[in-house]
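The values are calculated or read from the model by the stated rules, or taken from the named source; none is laboratory data. From a predicted model like this one, the values you see are computed outputs, not experimental measurements. Using ideal geometry, Cβ is built from the backbone for each residue, glycine included, and neighbour counts are taken over all protein chains shown. These area figures cover heavy atoms from the full protein model, side chains too; ligands, DNA and RNA do not enter into them. Shrake-Rupley method; radii C 1.70, N 1.55, O 1.52, S 1.80 Å.
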Amino acid sequence: RVDNRYVGRTRDGLVVRDLEDPELDLKLGMSGKSVLSMCYPGSNYIVSGCSDGTVCTWDARSKSKSHEFKAHARRVKGLAVPFDLSANAGLAGEIPTYFVSASSEGDLKLWDTRMIGDSSAREPDAGAKASRDEEEEGPG
């Protein structure tokens with residue numbers, strides 16, 4: 001029943017509310033971290049971004065953090081799930097295959113969730129990266 005959920009963020013975590021059954025409210029905490037952004041693609045998974053550059057994926061079914069990794073050197077200011085990518089088209093309660101994170105230094109990174117558990121995904125440049133400087137320079 002993912003259609004009846006509302007997800008919001010607080011300073012130090014996420015709040016998931018079930019609109020049909022208030023007894024199912026859920027709080028997902030980030031001890032000692034400030035949550036600046038979140039994305040809820042309507043599946044059982046939530047993605048959050050923190051002030052220290054950390055990104056977390058959450059499983060609302062198990063009420064736990066699935067993954068946590070350093071995505072950017074500075075704050076994660078935005079997150080999005082691109083639904084027009086064919087791999088993300090059939091979410092049906094599963095974690096999206098791709099999501100994008102944006103940082104305060106002007107970088108955008110495209111993440112492949114199939115690689116997040118891999119140790120290489122924890123490297124700062126594991127996601128495909130586009131920066132503001134590259135856009136301003138244009139094609140060579």
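Values computed for the structure shown
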item	result
Scope region 21-50; condition out of contact with any strand residue (DSSP E or B) (no Cβ under 9 Å at 6 or more places or on another chain) and over 21 Å from ALA102 (Cβ atoms); matching residues	ASP21, PRO22, GLU23, GLY32
Scope region 35-65; condition modelled with pLDDT of 90 or more and open to solvent by 20 Å² or more (accessible area, probe 1.4 Å); matching residues	LEU36, MET38, SER51, ASP52
When residues of region 15-31 are limited to those that are open to solvent by 100 Å² or more (accessible area, probe 1.4 Å) and assigned to a loop (DSSP other than H, G, I, E, B), the one modelled with the lowest pLDDT	SER31
Whichever residue in region 67-86 is closer than 15 Å to VAL7 by Cβ and open to solvent by 20 Å² or more (accessible area, probe 1.4 Å) and, among such residues, is modelled with the highest pLDDT	LEU79
